[in-house]
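Worksheet for the structure shown next.
The values are calculated or read from the model by the stated rules, or taken from the named source; none is laboratory data. Only a predicted model underlies this, so the values are computations on that prediction, with no experimental measurement involved. Cβ sites come from the backbone with ideal geometry, for glycine too, and all protein chains shown count toward neighbours.
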Amino acid sequence: MRSPLLRSPRFWLLSAAVVLGGLGCGESDVGLGSPDFASSPRALVSRNDVVAAGDGHMLRLGLLGTVGASGFNAVGQLGDGTLVDRSTAVLVPGLSGVVSIAAGAHHSLALRSDGVLWAWGFNALRQLGDGTSTDRASPVPVFAPVMGIAAGYLHSLAVRPDGTVFVWGDGYWRAPVTGLTQVVDLAAGEGFSLALRADGTVWTWPTSTTTATQVPHLTQVSIIAAGRWHSLALRADGTVWTWDASRPLTQVTGLSNVVSIAGGEGYSLATLADGTVWGWGANGCGQLGDGTTTDRLTPVQAVGPRYVVAVEGGWRHSVARASDGTHWVWGCDDWGQLGDGASNTARHLPVQLPAF
């Protein structure tokens with residue numbers, strides 16, 4: 001997802017998840033030099049790091065490595081230096097060369113091409129990693145060098161160029177995850193994290209510990225994702241598998257040729273090789289994009305978006321990026337998070353936004 005390559009949608013699908021770092025235990029760790037991307041265990045697979053959705057805000061990566069933000073801004077999660085909600089996207093000042101973005105419940109992360117991680121928004125539980133618990137209405141550099149990032153509900157993750165992982169937030173300072181190496185993808189929900197190793201195995205741990213355990217019976221995984229309370233895995237054969245604390249590992253029926261996955265609060269999304277978007281689960285605000293508010297036990301196609309290369313789910317709102325750089329948004333819009341100029345106007349069908 002490096003900005004010089006953003007013109008290539010295929011690059012988004014192959015490399016979007018490359019960029020994150022750790023933070024200092026009680027201090028910010030930056031200025032460590034550019035990461036040695038060549039030393040990565042392999043190019044990190046793309047999750048969907050050109051779009052991101054939090055509880056009430058949304059982030060979009062611009063074609064030139066800028067970041068646009070819309071929605072709820074009470075703790076500065078839009079990064080524009082104010083606490084004013086925005087119903088259309090505003091550019092996050094001072095950020096350029098961004099290659100990866102992530103959104104927690106009320107905090108935001110951006111990874112630049114120089115390997116420096118920037119963070120802003122809610123920080124009461126140290127999720128920004130700047131060595132404080134002070135909310136930030138503008139981005140601050142917090143860690144380097146980083147190769148990949150993920151944001152959980154109240155915590156953050158980074159993978160270093162050597163394939164090791166650091167986690168912080170949810171009340172904890174930065175710490176390495178014990179025994180994890182050769183990590184190529186990250187995902188996080190509320191109180192838990194996921195890591196994908198180069199050998200195709202998936203590892204998980206709660207935020208109360210830094211010791212990961214392998215998810216049993218799950219191999220040959222190419223991409224991972226997380227909703228607020230559930231986990232998703234895309235296997236190399238194009239099938240999708242899901243599980244949570246109360247439900248065992250289960251294959252999602254009716255899906256094949258999947259190339260991208262995402263999780264929201266109680267719902268899931270998948271992009272197929274033909275560029276269509278499919279969703280299942282909670283749909284009370286139209287977040288599945290099928291024109292209804294009916295929950296779905298099996299996948300249904302979102303109406304409208306085509307040639308989609310990335311998709312992401314938030315609280316009850318969804319965003320997709322098409323190969324031409326335009327965006328599609330749907331679901332709840334309580335604080336203007338969809339960025340379509342309206343506020344508190346739910347969209348049960350996807351609405352197209354221009355590229356920026």
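Kindly indicate which of Val177, Val140 is within 23 Å of Ile261 (Cβ to Cβ) and more than 17 Å from the chain's Cα centre (by Cα).
Details: Val140 fails: within 23 Å of Ile261 (Cβ to Cβ).
None of the others qualify; the one that does is Val177.
Tell me the residue from Thr242, Thr219, Thr211 that is touching a residue at least 12 places away in the same chain (Cβ under 8 Å) and either closer than 16 Å to Val167 by Cα or crowded, with 22+ Cβ neighbours inside 10 Å (or both), please.
Working: Thr242 fails: either closer than 16 Å to Val167 by Cα or crowded, with 22+ Cβ neighbours inside 10 Å (or both); Thr219 fails: either closer than 16 Å to Val167 by Cα or crowded, with 22+ Cβ neighbours inside 10 Å (or both).
After ruling out the rest, the residue left standing is Thr211.
Using the structure shown, decide if Gly104 is over 23 Å from Gly331 (Cα atoms), modelled with pLDDT of 95 or more and small (Gly, Ala, Ser).
In short, no.
In the range 84-93, how many are surrounded by 14 or more Cβ atoms within 10 Å (Cβ to Cβ) and in a loop (DSSP other than H, G, I, E, B)?
Count: 2.
Would you mind stating whether Gly131 is closer than 28 Å to Gln182 by Cα, over 17 Å from the mean Cα position of the chain (by Cα) and of a type outside the set (Ser, Thr, Tyr)? Lay out the reasoning, then the answer.
Values: closer than 28 Å to Gln182 by Cα: yes; over 17 Å from the mean Cα position of the chain (by Cα): yes; of a type outside the set (Ser, Thr, Tyr): yes.
Taking the combined requirement at face value, the residue satisfies it.
Given the condition under 19 Å from Pro350 (Cα atoms), without any contact (Cβ under 8 Å) to a residue 40 or more places away in the chain and surrounded by fewer than 17 Cβ atoms within 10 Å (Cβ to Cβ), answer yes or no: does some residue in the range 279-286 qualify?
yes
Output the residue which, of all residues in the range 121-161 that are polar (S, T, N, Q) and farther than 16 Å from Gly191 by Cα, is surrounded by the most Cβ atoms within 10 Å (Cβ to Cβ).
Of all residues in the range 121-161, those polar (S, T, N, Q) come to 123, 127, 132-134, 138, 156.
Keeping just the survivors that are farther than 16 Å from Gly191 by Cα gives 132-134, 138.
Details: Thr132: 14, Ser133: 13, Thr134: 11, Ser138: 17.
The selected residue is Ser138.
Which of the residues that make up the range 300-356 are surrounded by fewer than 24 Cβ atoms within 10 Å (Cβ to Cβ), in contact with a strand residue (DSSP E or B) (Cβ under 6 Å, 6 or more places away or on another chain), within 12 Å of Val277 (Cα to Cα) and not hydrophobic (A, V, I, L, M, F, W, C)?
Listed by number, the residues that qualify are Gln301, Gly304, Tyr307.
If we only count strands (runs of 3 or more DSSP E) wholly inside the range 146-227, which ones have 1 or more residues that are of a type in the set (Phe, Trp, Tyr)? Spell out how you get there, then give the answer.
Numbers: elements: 148-151, 155-159, 165-169, 172-176, 183-188, 192-197, 202-206, 221-226.
Counting at least 1 such residues, we get 165-169, 172-176, 192-197, 202-206.
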